[in-house]
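**Q** Before anything else, here's the structure in question.
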Amino acid sequence: MNAAPPTVGAPQPLLRHRDAIAIIVGIVIGAGIFKTPSMVAGVTGDAGWLTVAWILGAVVSLAGALCYAELATAYPHAGGDYHFLTRAWGRRAAFLYAWARATVINTGSIALLAFVFGDYMAEVVPLGAAGGALWAALVVVALTVVNIAGLRASSRTQNLLTVVEVTGLVAIAIAGFAAPPVAPAAAGAAAFSSAPPLGMFGLAMVFVLLTYGGWNEAAYISSELKGGRRAIVPVLVASLAILAGIYLLVNLALLSGLGLKGLADSKAAGADVMARTFGDAGAKALALFVAIAALTSINATMIVGARTNYALGRDWPALRFMGGWHATRGTPVAALLVQGAIALALVALGALQQDGFEAMVEFTAPVFWTFLLLVGLALFRLRSRDAGAERPFRVPLYPLTPLIFCAACAWLAYSSITYAASRNAVHVSLIVMAVGVVALLVTGAKRTPAAAADG
C-alpha cells in the first residue's frame, strides 16, 4: 500500500501545555508593554487608578478567555474564531473575518513587529539607509522558514524566545525596584488622591486592553493541544495569570523607579529605568530585549495566523491551495507561504510610508474589535441553537461573564473607530472590507468536500 502524501493530513495534538502557554504569552507580550505604561500613567494621572486599570484589564481579558474556552472546547478546530463565526453567523461573515485576518490583522501585525525588530537591529548591525526595512523583510522570511520546518521547530523557537522576553521584563522590574529614590517632583501625589474623568479612564483602558490583546489566538491551537478538549482551559487561565503578574510587576517597578510624573513624561520608560540603575549598558541591553519581544510576537502570530488561511482553504474551492496540511511536519505549508508573502508586501508598503506603523494600527483596530464582538455574541447564539450539544466546559456566571466581554469589545470598537476617524483613517478599513466583499463574490458560494465534512 502506498503511503499517503505528506501534504495530506489534519491538525494533530502535538502541543504540550507549556508550548501553548509560550505561544499565547509570546503573542500578547510584544512591544506594547514597553510603551503603554507611560501612556496609561499620563491619562490616569494617579498611581492607584493606574494599578486599577491594569487589574481591570486582566479581569476583562479573563472574561473573554473563558468565553473562548467554552467555544474552543465545544467546537475544537484549527480555524479558531473563523470556525466559531461560521457556525454562528454563516460562512460569508466568517469569510470576511478571515479575509481581514489574512490581509490586515495578522499580516499587518507581523509587518509592524518586523519593523520594530528591524529598527533596533539596524542600530546594532546597520544595513544602509533602508536597513530597518531590510531587517524586517529578513526576519519575516527567516521565521516563515522556521514555521514551515514544522510545529515542533516553531514551538521550540517560541519557548526559547518567550523565556528571553520574560527575562527582559524581569530585568526592568529589578531595575525599577533597585533604582535610587526618585525626586519629589517626579514621584507625584499619593495613590487615589485624585480620580480621572470617566472618559480619560476609558482611554486608559483602551491602551491596557490593547496591551493584553492576543490571548484569543489560543482558539487556533485548541485542536493541536495534548490532553483532550478541556486542555485549553487551564492553558488560557495560566497564560493570563502569568501576563497579569508580569504587567503588574513591571508597572509597579516603573512607578518605583521613575515616579508617576517621571513615568508619564518618559518616552521610553523601560530604557530610562534601566539607565538609572545600570547605566548606558542597561539601556542598550533593553534595546535587545525589545527586539526579542518583537521577534517572539512575530513567531507566535505566524503560528496561529496560518491556521486561519488553512481553514479558509478548506472551505472555499477557489482558495483550496491553502487547505493542505503537511502530515509529517504538522503545519499548513501553503498557508504559511501565503501569509509570509502578504507580510512581505506590507513590509515593502510600510517602507514607502512616513509612519506605516501608526497608519496600520489606525485601520486594523476597528476591524479587529468589531469581529471580536461578533465572536462574543456567537457564544449566546450557539448556546441557544445547540442546547443539547456536548460542552466540556461552560463559562462561569453565564450570562454575566460574556456580557462583560461583549461590552468591552463594543466599547473598544467604538473607541477605535472614533480614534481612526479623528486621524482620517476610517476609509482605509472600509476599503479593505469592500475588497473582501468583492473577493467573497469572486470565490463563489460552493463549499468544498472538506468543509462539508467538518459541518
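**Q** Looking only at residues that are under 19 Å from the mean Cα position of the chain (by Cα) and surrounded by 20 or more Cβ atoms within 10 Å (Cβ to Cβ) in segment 39-57, which one is farthest from D265 (Cα to Cα)?
**A** Among them, the one singled out is G57.
**Q** Here is a follow-up. Of the residues T107, T103, T86, only one is hydroxyl-bearing (S, T, Y), within 22 Å of L379 (Cα to Cα) and open to solvent by less than 40 Å² (accessible area, probe 1.4 Å); which?
**A** T86
**Q** Another one. Would you point out the residue of segment 321-333, among those that are open to solvent by 20 Å² or more (accessible area, probe 1.4 Å) and at pLDDT 80 or above, that is nearest to the chain's Cα centre (by Cα)?
**A** Only one residue fits best here, namely V333.
**Q** For L254, state whether it is touching a residue at least 60 places away in the same chain (Cβ under 8 Å), closer than 21 Å to G57 by Cα, open to solvent by 10 Å² or more (accessible area, probe 1.4 Å) and more than 20 Å from the chain's Cα centre (by Cα).
**A** Answer is no for this residue.
**Q** Also, quick follow-up: State yes or no: is V435 open to solvent by 20 Å² or more (accessible area, probe 1.4 Å), at pLDDT 85 or above and either out of contact with any His (no Cβ under 8 Å at 6 or more places or on another chain) or in a loop (DSSP other than H, G, I, E, B) (or both)?
**A** Yes: the conditions hold for V435.
**Q** Another question, if that's okay. So which residues in segment 155-198 are open to solvent by 20 Å² or more (accessible area, probe 1.4 Å), over 16 Å from F289 (Cα atoms) and either of a type in the set (K, R) or part of a helix (DSSP H, G or I) (or both)?
**A** R156, F177, A178, P184, A185, A186, A187, L198
**Q** Out of (1) open to solvent by less than 60 Å² (accessible area, probe 1.4 Å); (2) under 28 Å from L344 (Cα atoms), the odd one out for V141 is which?
**A** (1)
**Q** Of all residues in segment 113-138, which are open to solvent by less than 20 Å² (accessible area, probe 1.4 Å) and either within 18 Å of the chain's Cα centre (by Cα) or closer than 15 Å to L346 by Cα (or both)?
**A** A114, V116, G118, G132, A136, listed by residue number.
**Q** Within segment 273-304, which residues are crowded, with 24+ Cβ neighbours inside 10 Å and more than 30 Å from I105 (Cα to Cα)?
**A** Within segment 273-304, V273, M274 qualify.
**Q** Let me ask something additional. Within segment 415-427, can you find the residues that are among the hydroxyl-bearing types (S, T, Y) and either buried (at least 16 other Cβ atoms within 10 Å of the Cβ) or in contact (Cβ under 8 Å) with a residue 40 or more places away in the chain (or both)?
**A** S415, S416, Y419
**Q** Name the single residue, out of those in segment 384-414 being over 16 Å from G64 (Cβ atoms) and in a helix (DSSP H, G or I), that is nearest to the chain's Cα centre (by Cα).
**A** Restricting to residues being over 16 Å from G64 (Cβ atoms) and in a helix (DSSP H, G or I), the top hit is Y414.
**Q** State yes or no: is P402 of a type outside the set (S, T, N, Q), crowded, with 16+ Cβ neighbours inside 10 Å and closer than 26 Å to F207 by Cβ?
**A** For P402, the condition - of a type outside the set (S, T, N, Q), crowded, with 16+ Cβ neighbours inside 10 Å and closer than 26 Å to F207 by Cβ - is met.
**Q** Which numbered condition trips up S222, out of (1) assigned to a helix (DSSP H, G or I); (2) at pLDDT 80 or above?
**A** Of (1) assigned to a helix (DSSP H, G or I); (2) at pLDDT 80 or above, only one is false for S222: (2).
**Q** When you scan segment 362-393, how many residues do you find that are open to solvent by 40 Å² or more (accessible area, probe 1.4 Å), more than 27 Å from V432 (Cβ to Cβ) and among the basic types (K, R)?
**A** Residues that pass the stated criteria total 2.
**Q** Hey, can you tell me all the residues within segment 53-83 that are within 14 Å of M205 (Cβ to Cβ) and β-branched (V, I, T)?
**A** Passing the criteria: I55, V59, V60.
The values are calculated or read from the model by the stated rules, or taken from the named source; none is laboratory data. Owing to the predicted nature of the structure, the values given are computational and were not obtained by experimental measurement. Here the Cβ is made from the backbone with ideal geometry for all residues, glycine too, and neighbour counts use every protein chain on show. To get the accessible areas, we keep the full protein, side chains included, count just its heavy atoms, and leave off ligands, DNA and RNA. Shrake-Rupley method; radii C 1.70, N 1.55, O 1.52, S 1.80 Å.
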